[in-house]
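Colleague: Sharing a structure with you now.
The values are calculated or read from the model by the stated rules, or taken from the named source; none is laboratory data. Note that the structure is a prediction, hence the values are computed from the model and not measured. When we count neighbours, we look across all protein chains shown, and the Cβ atoms used for this are built from the backbone with ideal geometry, even at glycine.
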Amino acid sequence: MSTGHHSYSKLIQALASILGLILLLVWMQGGFTTKTPPGTAQAAEKGELVRGPTAKVISKAIDETMLWPGTVTARTVAQIAPKVPARILAINVNTGDAVKSDQIVARLDPAELQSRVNQARSALAAAEAQAAKNGADLRRAQSLFDQEAATRQTLEAAQAAAQTSMAQVAEARAAIATAESTLSETVLRVPFDGTVLKRNQEPGDMAMPGIPVLTVQSGQRMRVEAAIPESCARDIQLGEWLKARIAENEFSVKVEEITPAADPKTRTVLVKAGIENQGAAKPGVFVWLEQNCGSRKVLSAPSSAVSRSGQLESVQLVLDGGTRLRHIRTGKIRDGWVEVLSGLKEGDVVLAGGGK
């Protein structure tokens with residue numbers, strides 16, 4: 001009987017210890033204190049008065065700021081293409097390489113065109129030989145005519161032959177100039193300082209007139225190109241200044257071109273805006289183009305009224321001659337006013353200096 005009583009006492013002690021531990025944990029978690037749910041007001045201590053300037057929570061229309069994805073491109077882009085058909089022997093640059101004006105960037109096979117130059121030179125030599133012979137015949141006919149040993153008809157025939165041969169010489173020389181000019185087209189050069197944007201063909205390919213071998217863009221004048229929905233693009237005017245942003249770098253751009261018709265597939269309009277600060281961006285870089293499109297009404301309160309503690313935001317709400325702490329959620333700040341997403345309603349009065 002004594003042993004059973006002793007075991008029962010131990011059980012009671014163990015249960016009491018567990019209950020005490022549970023009560024301690026509940027107390028540590030604040031289970032015995034009154035909490036204020038998020039978004040509700042907590043009454044101030046009795047006797048607390050409103051001190052400092054106050055302001056009403058108001059509803060106001062704000063511009064809707066949109067960010068459109070775009071790309072930095074060069075205003076000047078050249079397609080380096082030959083004027084004659086020939087096989088590509090070499091391309092001296094790669095995509096991304098910087099190039100200088102008049103730099104040789106590719107060479108075409110000159111064999112066929114060199115053959116034409118040689119043929120033209122041979123034709124010139126033959127024409128000059130014939131011209132020399134006809135010139136001598138003319139001098140002889142003139143001498144005989146002066147001596148009345150030849151008729152005028154003979155003289156005139158000699159003169160005509162000499163003139164014809166001289167014309168043939170001039171034609172042969174022009175043919176050489178044309179052939180040599182065409183031969184020079186087998187060397188491709190860039191027209192300005194810039195950067196190679198793309199290698200359109202490779203050595204061994206057959207280059208054709210009008211089909212680019214390389215695409216080169218100028219690095220001197222940059223612009224932003226962005227496809228903007230037609231509903232917002234209609235608000236943009238030529239000459240208007242917009243903001244563009246690359247990472248944390250913000251700069252101004254001036255609208256230079258607006259495509260007159262929207263893309264029927266995407267219903268967007270291509271807008272091109274020039275970058276005045278040429279050091280602001282490089283070709284091919286992703287950029288955000290900022291535009292105000294439409295407006296919306298939001299609740300707003302002075303940004304100075306908002307106190308922040310970590311992730312928590314709150315204001316001092318004026319009620320019944322005193323102040324109460326009210327937790328809120330905010331959005332963007334514009335011109336000293338902050339957008340109130342939740343926790344307040346229009347007409348509420350808050351301490352304007354609550355955030356200080």
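Colleague: Across segment 221-233, what is the number of residues that are over 15 Å from the mean Cα position of the chain (by Cα) and either β-branched (Val, Ile, Thr) or in a loop (DSSP other than H, G, I, E, B) (or both)?
Modeller: Adding up the residues that qualify gives 0.
Colleague: Just name the residue that is modelled with the lowest pLDDT out of those in segment 304-340 that are out of contact with any helix residue (DSSP H, G or I) (no Cβ under 8 Å at 6 or more places or on another chain) and at positive phi.
Modeller: Here the residue is 321.
Colleague: Would you please name the residue that is nearest to residue 288 (Cα to Cα), looking only at residues in segment 41-79 that are at pLDDT below 50 and loosely packed, with under 13 Cβ neighbours inside 10 Å?
Modeller: Per the stated criteria, the residue is 45.
Colleague: Test residue 65 against the stated conditions and say whether it is closer than 30 Å to residue 342 by Cα and either of a type in the set (Val, Ile, Thr) or not assigned by TED's automatic domain parsing to the domain that holds residue 337 (or both). Working first, answer last.
Modeller: Values: closer than 30 Å to residue 342 by Cα: yes; either of a type in the set (Val, Ile, Thr) or not assigned by TED's automatic domain parsing to the domain that holds residue 337 (or both): yes.
The answer is yes for residue 65.
Colleague: For residue 116, state whether it is in contact (Cβ under 8 Å) with a residue 60 or more places away in the chain, on the phi < 0 side of the Ramachandran plot and touching a strand residue (DSSP E or B) at 6+ places or on another chain (Cβ under 8 Å).
Modeller: no
Colleague: Would you mention how many residues in segment 234-285 are of a type in the set (Gly, Ala, Ser) and either in a strand (DSSP E or B) or without any contact (Cβ under 8 Å) to a residue 24 or more places away in the chain (or both)? Lay out the reasoning, then the answer.
Modeller: Looking only at segment 234-285, we keep the residues that are of a type in the set (Gly, Ala, Ser), and these are 239, 244, 247, 252, 261-262, 273-274, 279-281, 284.
Then drop every residue that is not either in a strand (DSSP E or B) or without any contact (Cβ under 8 Å) to a residue 24 or more places away in the chain (or both), which leaves 239, 244, 247, 252, 261, 273-274, 279.
Adding up the residues that qualify gives 8.
Colleague: Additional query: Can you pull out the residues in segment 94-139 that are among the basic types (Lys, Arg) and surrounded by 14 or more Cβ atoms within 10 Å (Cβ to Cβ)?
Modeller: Across segment 94-139, the qualifying residues are 107, 116, 121.
Colleague: Moving on. Spot the failing condition for residue 175; the list is (1) free of Cβ contacts under 8 Å to residues at least 12 places away in the same chain; (2) surrounded by 13 or more Cβ atoms within 10 Å (Cβ to Cβ), and only one is missed.
Modeller: The failed condition is (1).
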